[in-house]
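Just below is one structure, and these are the notes that go with it.
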Amino acid sequence: MELDRYLAALRGLLDARRLVALGIVIGSIAITEWLATRSLRALALDGVLVVSFVLVAPGAYRVLAPRGGLGLVGFAALGVGVVSLVAWLAAPRWTYVIDPGSIALLVVLFLVGGWGLGRDLELSERAARLSIEAERSKVE
């Protein structure tokens with residue numbers, strides 16, 4: 001069940017509306033980094049951060065949030081851990097986006113982005129179910 005929720009979150013990110021939003025955020029990060037550092041290495045580290053977010057945050061929110069307060073604490077800890085790990089990878093190299101002063105902001109973006117995408121996916125699924133149920137009741 002939990003694996004299904006996680007995989008559904010990954011599939012849901014392929015929706016065009018979500019891809020456009022992700023593309024805008026990813027493009028903004030890449031442009032900001034490039035203008036600040038002109039470093040392909042820094043862009044690659046930002047890419048690791050973005051891929052980590054996409055693969056972890058929305059699915060983790062969907063799996064952990066239904067568990068209540070403890071699940072949300074787990075989601076927050078996961079966000080801190082993922083961002084800290086990527087920041088640790090960036091430590092020997094200076095980047096603009098993954099700067100020690102911006103770690104707290106990156107954690108907040110990870111958590112809010114995961115919550116927003118995870119919640120959007122849940123609402124879309126619920127709307128689809130309600131639409132199907134409404135159609136079935138019209139047929140009966």
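Filtering segment 67-81 for residues that are buried (at least 18 other Cβ atoms within 10 Å of the Cβ) and charged (D, E, K, R) leaves an empty set.
If you check ARG5, ARG38 for being basic (Lys, Arg), modelled with pLDDT of 90 or more and more than 18 Å from ILE103 (Cβ to Cβ), only one passes: ARG38. Scanning segment 101-117 for residues that are of a type in the set (Gly, Ala, Ser) and touching a residue at least 24 places away in the same chain (Cβ under 8 Å) yields GLY113, GLY114.
Within segment 23-37, the set of residues being surrounded by 17 or more Cβ atoms within 10 Å (Cβ to Cβ) and either out of contact with any Asp or Glu (no Cβ under 9 Å at 6 or more places or on another chain) or free of Cβ contacts under 8 Å to residues at least 12 places away in the same chain (or both) comprises just one member, THR37. Whenever a residue of segment 38-56 is without any contact (Cβ under 8 Å) to a residue 60 or more places away in the chain and more than 17 Å from ARG11 (Cα to Cα), its partners that are acidic (Asp, Glu) and open to solvent by less than 30 Å² (accessible area, probe 1.4 Å), lying with C-beta atoms within less than 8 angstrom and at least six residues away or across chains, give the pairs SER39/GLU33; ALA42/GLU33; LEU43/GLU33; ASP46/GLU33. Among the residues here, ILE98 qualifies as over 21 Å from ALA16 (Cβ atoms) and in contact (Cβ under 8 Å) with a residue 24 or more places away in the chain. When we screen ASP46, ASP4, ASP99, ASP15 for residues that are open to solvent by 40 Å² or more (accessible area, probe 1.4 Å), among the acidic types (Asp, Glu) and under 16 Å from the mean Cα position of the chain (by Cα), the only hit is ASP15.
The values are calculated or read from the model by the stated rules, or taken from the named source; none is laboratory data. Everything quoted here is computed from the prediction, not taken from an experiment. Because the Cβ atoms are built from the backbone with ideal geometry, glycine has one as well, and the counts that use them run over all protein chains shown. We work out accessible area using only protein heavy atoms, side chains counted, and drop any ligands, DNA or RNA first. Shrake-Rupley method; radii C 1.70, N 1.55, O 1.52, S 1.80 Å.
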